[in-house]
Amino acid sequence: MKFFRGSKVKKLGSYFIELLIVVLGVSIAFQLNVWNDNRKTRQVEKELLENFRAENTFNMEESDSSAIDKNRSVESGLTLIEYLKTKDPDTDSVKTLLAQLYEISWPRFPTTHLDNYLNFTTGSTPLREEMLNLKTRVESIHDLSDNYIIQKQSKYFDFLASAVDMNDNL
(Lines give C-alpha, C1' and ligand atoms only; values in the text may rest on other atoms or scores of the structure.)
Protein backbone atom coordinates (compact mmCIF):
# COMPACT_ATOMS: atom_id res chain seq x y z
CA MET A 1 0.00 0.00 0.00
CA LYS A 2 2.85 2.42 0.80
CA PHE A 3 4.23 1.60 -2.58
CA PHE A 4 1.07 2.87 -4.30
CA ARG A 5 0.94 6.02 -2.19
CA GLY A 6 4.51 6.99 -3.00
CA SER A 7 3.90 6.37 -6.65
CA LYS A 8 0.73 8.54 -6.60
CA VAL A 9 2.58 11.36 -4.82
CA LYS A 10 5.32 11.19 -7.42
CA LYS A 11 2.73 11.29 -10.21
CA LEU A 12 0.87 14.18 -8.57
CA GLY A 13 4.14 16.02 -8.00
CA SER A 14 5.10 15.41 -11.61
CA TYR A 15 1.69 16.68 -12.82
CA PHE A 16 1.95 19.70 -10.55
CA ILE A 17 5.40 20.58 -11.91
CA GLU A 18 4.16 20.19 -15.51
CA LEU A 19 1.12 22.35 -14.72
CA LEU A 20 3.35 24.97 -13.11
CA ILE A 21 5.61 25.01 -16.19
CA VAL A 22 2.58 25.44 -18.50
CA VAL A 23 1.12 28.25 -16.35
CA LEU A 24 4.51 29.97 -16.21
CA GLY A 25 4.91 29.63 -19.98
CA VAL A 26 1.44 31.07 -20.63
CA SER A 27 2.08 33.92 -18.18
CA ILE A 28 5.40 34.76 -19.82
CA ALA A 29 3.81 34.63 -23.29
CA PHE A 30 0.99 36.90 -22.10
CA GLN A 31 3.43 39.41 -20.60
CA LEU A 32 5.51 39.41 -23.80
CA ASN A 33 2.35 40.05 -25.81
CA VAL A 34 1.36 42.97 -23.53
CA TRP A 35 4.89 44.40 -23.76
CA ASN A 36 4.85 44.11 -27.58
CA ASP A 37 1.40 45.75 -27.80
CA ASN A 38 2.59 48.63 -25.60
CA ARG A 39 5.70 49.03 -27.76
CA LYS A 40 3.57 49.16 -30.92
CA THR A 41 1.20 51.66 -29.29
CA ARG A 42 4.09 53.92 -28.29
CA GLN A 43 5.49 53.73 -31.84
CA VAL A 44 2.13 54.69 -33.39
CA GLU A 45 1.71 57.49 -30.85
CA LYS A 46 5.20 58.77 -31.68
CA GLU A 47 4.37 58.80 -35.40
CA LEU A 48 1.08 60.60 -34.73
CA LEU A 49 2.89 63.24 -32.68
CA GLU A 50 5.51 63.72 -35.41
CA ASN A 51 2.73 64.18 -37.98
CA PHE A 52 0.98 66.61 -35.65
CA ARG A 53 4.19 68.61 -35.24
CA ALA A 54 4.55 68.91 -39.02
CA GLU A 55 0.89 69.94 -39.30
CA ASN A 56 1.36 72.51 -36.54
CA THR A 57 4.44 73.97 -38.26
CA PHE A 58 2.41 74.30 -41.46
CA ASN A 59 -0.43 75.98 -39.53
CA MET A 60 1.97 78.51 -37.98
CA GLU A 61 3.37 79.39 -41.42
CA GLU A 62 -0.17 79.82 -42.76
CA SER A 63 -1.02 82.05 -39.82
CA ASP A 64 2.02 84.26 -40.45
CA SER A 65 1.16 84.49 -44.14
CA SER A 66 -2.43 85.38 -43.31
CA ALA A 67 -1.29 88.17 -40.97
CA ILE A 68 0.85 89.64 -43.77
CA ASP A 69 -2.14 89.46 -46.14
CA LYS A 70 -4.39 91.18 -43.61
CA ASN A 71 -1.89 94.01 -43.09
CA ARG A 72 -1.63 94.44 -46.86
CA SER A 73 -5.43 94.51 -47.10
CA VAL A 74 -5.68 97.23 -44.43
CA GLU A 75 -2.98 99.28 -46.18
CA SER A 76 -4.78 98.85 -49.51
CA GLY A 77 -8.02 100.04 -47.94
CA LEU A 78 -6.44 103.16 -46.52
CA THR A 79 -4.66 103.85 -49.82
CA LEU A 80 -7.90 103.32 -51.74
CA ILE A 81 -9.81 105.76 -49.54
CA GLU A 82 -7.16 108.44 -50.06
CA TYR A 83 -6.94 107.64 -53.76
CA LEU A 84 -10.70 107.96 -54.24
CA LYS A 85 -10.63 111.38 -52.61
CA THR A 86 -8.51 112.70 -55.51
CA LYS A 87 -10.12 114.44 -58.46
CA ASP A 88 -9.24 111.85 -61.10
CA PRO A 89 -8.54 108.34 -59.76
CA ASP A 90 -7.02 105.86 -62.21
CA THR A 91 -9.48 103.02 -62.88
CA ASP A 92 -6.81 100.30 -63.06
CA SER A 93 -5.30 101.37 -59.76
CA VAL A 94 -8.72 101.42 -58.13
CA LYS A 95 -9.40 97.89 -59.45
CA THR A 96 -6.05 96.65 -58.14
CA LEU A 97 -6.57 98.23 -54.73
CA LEU A 98 -10.11 96.84 -54.53
CA ALA A 99 -8.87 93.37 -55.39
CA GLN A 100 -6.15 93.57 -52.72
CA LEU A 101 -8.64 94.96 -50.27
CA TYR A 102 -11.29 92.36 -50.80
CA GLU A 103 -8.97 89.38 -50.62
CA ILE A 104 -10.35 87.18 -47.93
CA SER A 105 -7.63 84.92 -46.75
CA TRP A 106 -8.02 83.43 -43.35
CA PRO A 107 -6.38 80.11 -42.88
CA ARG A 108 -8.46 77.08 -42.13
CA PHE A 109 -5.99 75.22 -39.99
CA PRO A 110 -6.11 71.53 -40.79
CA THR A 111 -6.51 69.36 -37.72
CA THR A 112 -6.28 65.92 -39.31
CA HIS A 113 -3.29 64.75 -37.29
CA LEU A 114 -4.58 66.34 -34.10
CA ASP A 115 -7.87 64.47 -34.59
CA ASN A 116 -5.98 61.26 -35.35
CA TYR A 117 -4.02 61.57 -32.12
CA LEU A 118 -7.13 62.30 -30.07
CA ASN A 119 -8.99 59.37 -31.64
CA PHE A 120 -6.06 57.02 -31.05
CA THR A 121 -5.37 57.87 -27.44
CA THR A 122 -7.66 57.13 -24.53
CA GLY A 123 -7.70 58.01 -20.90
CA SER A 124 -6.65 61.22 -19.27
CA THR A 125 -3.01 62.11 -19.71
CA PRO A 126 -1.61 65.64 -19.47
CA LEU A 127 -0.61 65.56 -23.16
CA ARG A 128 -4.06 64.41 -24.27
CA GLU A 129 -5.70 67.12 -22.15
CA GLU A 130 -3.47 69.78 -23.78
CA MET A 131 -4.36 68.40 -27.21
CA LEU A 132 -8.07 68.62 -26.35
CA ASN A 133 -7.56 72.24 -25.24
CA LEU A 134 -5.72 72.96 -28.49
CA LYS A 135 -8.56 71.42 -30.50
CA THR A 136 -11.03 73.71 -28.69
CA ARG A 137 -8.88 76.78 -29.43
CA VAL A 138 -8.55 75.86 -33.12
CA GLU A 139 -12.32 75.44 -33.37
CA SER A 140 -12.71 78.90 -31.78
CA ILE A 141 -10.31 80.35 -34.36
CA HIS A 142 -12.34 78.73 -37.15
CA ASP A 143 -15.53 80.27 -35.74
CA LEU A 144 -13.81 83.65 -35.46
CA SER A 145 -12.53 83.47 -39.02
CA ASP A 146 -15.96 82.53 -40.33
CA ASN A 147 -17.46 85.53 -38.55
CA TYR A 148 -14.65 87.77 -39.85
CA ILE A 149 -15.34 86.75 -43.44
CA ILE A 150 -19.08 87.27 -43.03
CA GLN A 151 -18.53 90.71 -41.50
CA LYS A 152 -16.05 91.72 -44.18
CA GLN A 153 -18.35 90.59 -46.98
CA SER A 154 -21.47 92.19 -45.53
CA LYS A 155 -20.08 95.43 -44.05
CA TYR A 156 -16.95 96.46 -45.89
CA PHE A 157 -18.44 98.10 -48.93
CA ASP A 158 -20.92 100.00 -46.76
CA PHE A 159 -17.95 101.35 -44.79
CA LEU A 160 -16.08 102.23 -47.97
CA ALA A 161 -19.09 104.09 -49.38
CA SER A 162 -19.53 106.09 -46.17
CA ALA A 163 -15.81 106.97 -45.90
CA VAL A 164 -15.57 108.34 -49.43
CA ASP A 165 -18.01 110.83 -50.93
CA MET A 166 -18.08 109.79 -54.54
CA ASN A 167 -20.00 112.93 -55.56
CA ASP A 168 -16.97 115.11 -54.73
CA ASN A 169 -15.03 113.45 -57.53
CA LEU A 170 -17.53 114.25 -60.27
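The values are calculated or read from the model by the stated rules, or taken from the named source; none is laboratory data. Nothing here was measured: the structure is a model prediction, and the numbers come from that model. Note that each Cβ is placed from the backbone with ideal geometry, even for glycine, and that neighbours are counted across all protein chains shown. Note: accessible area is taken over every heavy atom of the protein model, side chains too, but ligands, DNA and RNA are not part of it. Shrake-Rupley method; radii C 1.70, N 1.55, O 1.52, S 1.80 Å.
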Fraction of accessible area attributable to carbon and sulfur, region 1-138 (%, probe 1.4 Å): 61 percent
Computed [θ] at 222 nm, deg cm²/dmol, the chain (DSSP H ≥ 4; -39,500 (n - 2.57); rounded to nearest 500): -30500 deg cm²/dmol
Contact order relative to length of region 62-103, as percent, for alpha carbon pairs under 8 angstrom and 6 or more apart: 51 percent
Accessible-area order (highest first, 1.4 angstrom probe) of the listed residues Met60, Met131: Met60, Met131
Sequence-distant lysines (8 or more away, or on other chains) whose Cα lies within less than 21 Å of Lys46: Lys135
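I need to check one value: relative contact order of the chain, counting alpha carbon pairs closer than 8 Å and at least 6 residues apart, in percent.
Averaging sequence separation for qualifying contacts and normalising by length gives 27 percent for the chain.
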Region 54-124, relative contact order [Cα under 8 Å, separation at least 6], %: 44 percent
Lys155 accessible area, 1.4 Å probe, all protein chains in place, Å² to nearest 10: 120 Å²
Efficiency of FRET from Cβ geometry, Lys46 and Asn71, R₀ 30 Å, rounded to 0.05: 0.20
Protein-only accessible surface order, largest first, of Glu47, Glu61 at 1.4 Å: Glu61, Glu47
Heavy atoms of Leu118 accessible to a 1.4 Å probe, total area in Å² rounded to 10: 20 Å²
With DNA, RNA and ligands ignored, accessible area of Ile21 (1.4 Å probe; Å², nearest 10): 110 Å²
